[in-house]
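The values are calculated or read from the model by the stated rules, or taken from the named source; none is laboratory data. Model, not experiment: these values are computed from the prediction. Counting neighbours? That spans all protein chains shown, and the Cβs are built from the backbone with ideal geometry, glycine included. Just the protein is used for accessible areas: all its heavy atoms, side chains included, with ligands, DNA and RNA removed. Shrake-Rupley method; radii C 1.70, N 1.55, O 1.52, S 1.80 Å.
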Amino acid sequence: MNQLQFALAGNPNSGKTSTFNQLTGSMQSVGNWPGVTVERKSGSLKKQKNITIQDLPGIYSLSPYTPEEIVARDYLLTGMPNTIINIVDATNLERNLYLTTQLMETGIPIVLGLNMMDLVKKSGKTINLAKLAYGLGIPVVSMSALKKQGLEELIQQSTLVAEKFPPETTYPTYDDRLEVALSEIIDVLGNTVPQKQARFYAAKLFEKDELATAALNLSKIQQKEINEIIAITEKIFDDTSDAILVNERYEFIARLMALCTVNDGELRFTISDKIDQIVTNRFLAIPIFAFVMWGIYYLSIQTIGVMGTDWVNDVLFGTLVPDFIAKNLQVWQVAPWMQDLILNGIIAGVGAVLGFVPQLLVLFLCLSLLEDCGYMARIAFVMDRLFRKFGLSGKSFIPMLIATGCGVPGVMASRTIENEKDRRMTVMVTTFMPCSAKLPIIALVAGAFFPQASWVAPSAYFIGVTAIVLSGIALKKTRIFAGDPAPFIMELPAYHLPQVKNVMRQTFDRGFSFIKKAGTIIFVSSIILWFMSNYNFAFQAVAGDKSILANLGRVVAPLFAPLGWGSWQGAVATITGLIAKENVINTFGILFSHLDEVSENGAEIWGPLQAAFTPVAAYSFLVFNLLCAPCFAAMGAIHREMGNAKWTFIAVGYQCGLAYAVSFVIYQFGHVIFEGGAVNLATILAVGVLAYIVYVLMRKAPTPKDDVISFQQLKEEVK
Ligand code: GDP
């Protein structure tokens, strides 16, 4: 039997994943495309092992604006699968066919899988498959991935076209005047490109596609001739070349649609449309959304989830596991230091993180349900207009909301953002939101220093939100994040009943990667922290204030002096806060009063704290700990979502840098204004920092030329 390779291509939400899972079952491998964090999935067919399926990322076009599109395009042009299976959402036929017109040009035989036909039938519309196939010139298979219909025929047709010799390919034809231009470009190209890809490259060169120009290395003469052809055609159409092609593609699609769709008389509102009238209503959308999110919170953070978390924290890792292990360690006569390491270091540290798991699972389950039924797309749609004003996409909203509970799932929720720039930016700013572990720090500072002021606690949220909004504005003006090259096409897929298998798989994938990644980092850091807080540099067991940690704290402390809190305790608390933000207040407890445990708002240590910090310094300490690098678990999540060390470093560096700058300005100004401090060099420096922040926010966005550069950077990254 021949080895065959099929590529699954289609728009996001067209049902590619469902099709892929149905076809391959568990015979799949998942990884990343080299160099980028775009998921790469492939697998062999359940029933025919000689056929492998490569799932391409969901894309809207082959004009590479995003890493997803670059990956897909490179694969199609260089990997040359035997057949492209183009999964198309039949309820959104017109928009989905836009990609089809481009896929057809790649010179690879193609079969159209017309998915979601179950929904089309329900809506009362009819699509004439024979006419659609005739108009396109390729086989069309009616299917439903959800109902497992049409999948066998899809494979049969794909095998048929793959085995045809010579391979049969066809492409959409456009206005004669455009066709002339394209065939002239093909002539100019000559042998520069393989014959079957000539149409693809001609179209791309006509669109002035940067990557095609860069890839082909055309001679000066070729370039000149092509430019002339384009210039003439632009004159004829009185439009720019890329617009001409887009228009022609849609004209072609419009002709097809007229040919193959039949409406049953009057316009019918589907159930989806009716739900959307309420759910995306201008006035009701946000209250409904707030209610849904409140519900999710209520379930995952307050009720079911917290019951599980309490059990894990108090019973499993509070008594059962430690008791069991302690008993065994004693029976085996393990050295006391080792017992302490295992019980107070590893189990306490790892247990604290695993305690989040029940809450996370409930949260992930709810989110997967919302995502799978189509509601998430509506939320993004509703929030998008607001968020775009400061450079983030509507989908960034959900991670931030979740981050008010815990930054780890918050960062991980950024997964749903397709555009890589937006995703990275969201990952960078999400943890500015005060998470539940930062609440004790807020309570401590508010209680000890500002007992009369009710604004301190809410101000923490205000600072978090402001940091996110202003970061969005400022980062969009940097070269890396510049421009919004990905055209924002928001599909509102019809509502579906969630697929149990999909939802379960997503929930467990997310949950498991949390356990694995966060668990390993916490495991190692717990050991290191335990050691550093119990031993001195000569490796002798000592009291806390003589430990390595305390000494390091003294070394680092001067760094924080300009922020108003240069004591080593403040530095140590900040460092241990990196392990887990809950540590900050516990560390103060140990360092200031040798208490092992302090209450939620730390009332026991208000006295010594007030002696060590001024109110402005305490507020600066609070702001620094709110904005600086989050805990290790969240940094692990950032690393996972960023996909490489460089970007993790950029994110954490940005967070720490911003935290330092903001705290510096707050302390220096606050000290002069409220505490009668003298104006000195540091104050002037603070004015400079503030001016710089204002400048970064107000300066002009880069010119389109910068887009081109970042464009090539993208290409480099893919390589
Ligand atoms: P992808 O983004 O292209 O991978 O799309 P998915 O496979 O994740 O599907 C998006 C949504 O459409 C999911 O909620 C699926 O359950 C649903 N879906 C997929 N195929 C069908 C289908 O044939 N009929 C219906 N009604 N829903 C489907």
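Structure above, values below:
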| quantity | calculated |
| --- | --- |
| Full-stretch length increase - TRP606, LEU216 - with 0.36 nm per residue and alpha-carbon distance subtracted | 133.5 nm |
| Counting DSSP beta bridges with both ends in the chain, the antiparallel % (nearest 5) | 40 |
| Simple spin-label estimate for VAL524 and PHE649 in nanometres, 7 Å along Cα-Cβ | 1.5 |
| Fraction of antiparallel bridges per DSSP, the stretch 4-163 only, in percent to nearest 5 | 35 |
| Accessible carbon and sulfur surface of the chain relative to its total accessible area, %, 1.4 Å | 63 |
| For the stretch 44-61, 3J(HN,Hα) per residue [Karplus equation, 6.51 cos²θ - 1.76 cosθ + 1.60, θ = phi - 60°, Hz, x = Gly/Pro] | 9, 5, 4, 9, 10, 5, 6, 10, 9, 10, 9, 7, 8, x, x, 9, 9, 7 |
| Rg ratio (alpha-carbon, reference 2.2 N^0.38 Å) - the stretch 521-664 | 1.06 |
| Cα centroid separation, the stretch 150-189 to the stretch 530-594 (Å) | 67 |
| Spin-label model distance (nm) - VAL500 vs LYS147, 7 Å beyond Cα toward Cβ | 2.0 |
| For ARG640, solvent-accessible area (1.4 Å; no DNA, RNA or ligand), Å² | 70 |
| Using distinct alpha-carbon pairs, which all enter the 1/r mean, Kirkwood radius of the stretch 4-163 in Å | 15.5 |
| Principal-axis tilt of helix 321-331 within the chain, Cα atoms, nearest 10 degrees | 60 |
| Distance from the stretch 39-111 to the stretch 604-682 (C-alpha centre basis), Å | 47 |
| Packing-based ranking, highest mean first, of 467-480, 669-682, 206-219 given that Cβ atoms within 10 Å are counted | 467-480, 206-219, 669-682 |
| Relative packing of 250-261, 314-325, 372-383, which averages over residues the other C-beta atoms within 10 Å, highest first | 372-383, 250-261, 314-325 |
| FRET efficiency, ALA538 to LYS274 (Cβ-Cβ, R0 56 Å, nearest 0.05) | 0.15 |
| Potential extension, THR303-VAL465 segment - 0.36 nm per residue separation minus Cα distance | 55.7 nm |
| Residue-span extension gain [GLN330 to LYS49] - 0.36 nm each, minus C-alpha spacing | 95.7 nm |
| Computed [θ] at 222 nm, helices only, for the chain once each DSSP H run of length n ≥ 4 contributes -39500 (n - 2.57) | -18500 deg cm²/dmol |
| Helix 285-297 axis, angle to the chain major axis (alpha carbon atoms, nearest 10°) | 60 |
| Sorted peptide list for 606-614, 78-86, 163-171, criterion being average Cβ within 10 angstrom, highest first | 78-86, 606-614, 163-171 |
| For LEU8, residues with placed amide H under 5 Å, excluding near neighbours | GLN54, ASP55, LEU56, ILE85 |
| Degrees separating the helix 357-373 axis from the principal Cα axis of the chain, which is the longest one | 20 |
| Heavy-atom accessible area order for MET635, MET338, largest first, 1.4 Å probe | MET338, MET635 |
| Table column - 3J(HN,Hα) (Hz), the stretch 607-617, Karplus curve with 6.51, -1.76, 1.60, x for Gly and Pro | x, x, 5, 4, 6, 8, 10, 8, x, 5, 4 |
| Convex hull volume per residue in cubic angstrom - Cα atoms of the chain | 201 |
| Whole-number accessible area per residue in Å² for the chain, which is evaluated in the context of all protein chains at 1.4 Å | 46 |
| Exposure rank, largest accessible area first [TYR201, TYR134; 1.4 Å] | TYR134, TYR201 |
| Efficiency of FRET from Cβ geometry, ASN191 and ALA254, R₀ 41 Å, rounded to 0.05 | 0.70 |
| FRET efficiency for THR240 and ASP176, using Cβ-Cβ distance with R0 set to 22 Å, rounded to 0.05 | 0.65 |
